[in-house]
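The values are calculated or read from the model by the stated rules, or taken from the named source; none is laboratory data. This structure is a prediction, so every number in the text was calculated from the model and none was measured. Cβ: placed from backbone, ideal geometry, glycine included. Neighbour counts: every protein chain shown.
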Amino acid sequence: MNEQRGTHHYQDDPRNADVLIYVHGELVPRARAMVSVFDSGFILGDGVWEGLRLHNGHFAFLDEHLKRLWQGAKAIDLDLGMSRDELAGELQRTVEANGMESGVHVRLMVTRGMKATPYQDPRVNIGGPTIVIIPEHKQAAEREDGMRLFTVHVRRGPPDVQDPMINSHSKLNCITACIQATKAGADEALMLDPHGFVATCNSTHFFIVRDGEVWTSTGRYCLHGITRGNILKVARDAGIPAHEKDFSLTEVYDADEAFITGTFAGVTPVSEIDGRMIGDGLPPGPMVKQLQALYRDLVEQECPAP
């Protein structure tokens, strides 16, 4: 049986033991990177976050990531306490302090900050937000046999329940989906929308290839994925028909190829969904190979070598 691994499986790097973590404006050793038990993020998952890649000394698609962070923060009425340029400067200061250039993944987290008492009302908050930046030397582990997905019972809800457009710390629905997929022996969960159409995965975005066309969901029930949007762009620029549309599991099982996208690993092929082999079961297929190359070129344009 194939080894079961999540889509964020990575190659361990001993350098990470010595990285400096940004907490409240200070750079501290990993062992001392802590926040209070009264922090809103710990008590309630009240905050927003972004995952970023550093390549050739540049953060890939930084403007898009910060735009999404600010959009989520505004939606939950969270004041970040600094401008986008100031936060970008703190990100750069953190990676430079760690001597980082490429092959780096950064988790940027912002919570509502300290509370006077454990209670959800933001009016009991004291002080400003908590900002944490965790940089790590982190490369996605190679997965030659492709990822295996399992369709779970946990749905992506509408925006009047918990808006999936907000990249919030409150990820329990995605965690529950991930657990169900893991128990089923898969690598990640495939999640449906309230109408039974395919929405997204628990931590990545999902695509299929049918008759030379690339399909992904409408985007109404998933996070505004930066890599998702870039794949649609490079496909269309290359003359590949790329559609955001409703489609069912019936169309998924009969797809020629399938793949997932995310900031961490880029474009990753999928070989199996709900026990059904996708295409010939020997990923990556020709379309995935082409999109991987197009995406690599786009990252190089965005983050040119010095």
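Annotations for the structure displayed:
- Once the stretch 240-254 is narrowed to residues that are part of a loop (DSSP other than H, G, I, E, B) and without any contact (Cβ under 8 Å) to a residue 40 or more places away in the chain, the residue that is farthest from the chain's Cα centre (by Cα) is PRO241.
- Test: residue in the stretch 121-135 that is out of contact with any helix residue (DSSP H, G or I) (no Cβ under 6 Å at 6 or more places or on another chain), under 23 Å from THR261 (Cβ atoms) and outside the structural domain of PHE207 (by TED's automatic domain parsing): yes
- Where PRO194 falls short, out of the listed (1) out of contact with any Pro (no Cβ under 8 Å at 6 or more places or on another chain); (2) within 23 Å of ASN167 (Cβ to Cβ): (1)
- Failed condition for ASP12, given (1) at pLDDT below 95; (2) surrounded by 14 or more Cβ atoms within 10 Å (Cβ to Cβ): (2)
- Residue, nearest to the chain's Cα centre (by Cα), within the stretch 99-115, restricted to residues that are surrounded by fewer than 20 Cβ atoms within 10 Å (Cβ to Cβ) and more than 16 Å from GLY41 (Cβ to Cβ): GLY103
- Failed item, numbered, when VAL28 is tested on (1) under 26 Å from ARG123 (Cα atoms); (2) surrounded by fewer than 20 Cβ atoms within 10 Å (Cβ to Cβ); (3) among the β-branched types (Val, Ile, Thr): (1)
- Which listed residue, of LEU87, LEU80, is assigned to a loop (DSSP other than H, G, I, E, B), outside the structural domain of MET191 (by TED's automatic domain parsing), out of contact with any Lys or Arg (no Cβ under 6 Å at 6 or more places or on another chain) and not small (Gly, Ala, Ser): LEU80
- Total residues in the stretch 31-50 satisfying the condition of being among the β-branched types (Val, Ile, Thr) and either surrounded by fewer than 17 Cβ atoms within 10 Å (Cβ to Cβ) or at pLDDT below 95 (or both): the figure is 1.
- Any hit, the stretch 178-185, residues being under 24 Å from GLY275 (Cβ atoms), free of Cβ contacts under 8 Å to residues at least 24 places away in the same chain, out of contact with any Gly (no Cβ under 9 Å at 6 or more places or on another chain) and not in a loop (DSSP other than H, G, I, E, B): yes
- PRO304 being assigned to a loop (DSSP other than H, G, I, E, B), buried (at least 21 other Cβ atoms within 10 Å of the Cβ) and touching a residue at least 40 places away in the same chain (Cβ under 8 Å): no
- Number of the condition not met by PHE38 [criteria: (1) free of Cβ contacts under 8 Å to residues at least 12 places away in the same chain; (2) farther than 14 Å from LEU108 by Cα]: (1)
- Only one of the numbered conditions (1) part of a loop (DSSP other than H, G, I, E, B); (2) touching a strand residue (DSSP E or B) at 6+ places or on another chain (Cβ under 9 Å); (3) of a type in the set (A, V, I, L, M) is violated by ALA189, and that is (1).
- Annotation: of all residues in the stretch 179-203 being surrounded by fewer than 24 Cβ atoms within 10 Å (Cβ to Cβ) and closer than 24 Å to GLY45 by Cβ, the one that is nearest to the chain's Cα centre (by Cα) is SER203.
- Look at the stretch 132-161: where a residue is at pLDDT 95 or above and a partner is among the aromatic types (Phe, Trp, Tyr) and in a strand (DSSP E or B), sitting 6+ places away or on another chain with Cβ atoms under 6 Å, you get ILE133/TYR22.
- Positions within the stretch 202-218 being farther than 25 Å from ILE179 by Cβ and of a type in the set (Gly, Ala, Ser), in sequence order: GLY212
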